[in-house]
Amino acid sequence: MTWLEFALLHSPAPTTVRVTPRHGNRYAEPTVIGPCVVHPTRTVVFCPPDTDVPPGSLVTLPTGQTSRVRAACHLDAPGYRLPGHLQLDLEL
């Protein structure tokens, strides 16, 4: 299963989030990434595998809620029931 197939299977519609990357003490211009899958708790976002979001970046969810990225982890498909992806753990 590809990332796009997974995202469309687990979301009612393609979902995007706005990311404002943090580099050092400065924030870069916001960019839109997707398709993403937002966990119902809104504390975890699964993103395409080619996404790069450093911890400390800001993520604006489709609800308009903005959270800071606590941790970002690239996960490969082998050993998981998910395709390769980037998992963002957000602060509450």
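Report the residue count in region 72-92 for those that are open to solvent by 20 Å² or more (accessible area, probe 1.4 Å) and either of a type in the set (Asp, Glu) or under 11 Å from the mean Cα position of the chain (by Cα) (or both).
7
Just checking, how many residues over region 11-26 are open to solvent by 100 Å² or more (accessible area, probe 1.4 Å) and touching a strand residue (DSSP E or B) at 6+ places or on another chain (Cβ under 8 Å)?
The number of residues fulfilling the criteria is 1.
Spot the failing condition for ALA7; the list is (1) touching a Gly at 6+ places or on another chain (Cβ under 9 Å); (2) of a type in the set (Gly, Ala, Ser); (3) modelled with pLDDT of 95 or more, and only one is missed.
(3)
Could you figure out which of (1) open to solvent by less than 60 Å² (accessible area, probe 1.4 Å); (2) closer than 15 Å to GLY84 by Cα isn't true of MET1?
(1)
The values are calculated or read from the model by the stated rules, or taken from the named source; none is laboratory data. Only a predicted model underlies this, so the values are computations on that prediction, with no experimental measurement involved. Cβ: placed from backbone, ideal geometry, glycine included. Neighbour counts: every protein chain shown. Heads up: the accessible areas ignore ligands, DNA and RNA and are worked out on the full protein's heavy atoms, side chains in. Shrake-Rupley method; radii C 1.70, N 1.55, O 1.52, S 1.80 Å.
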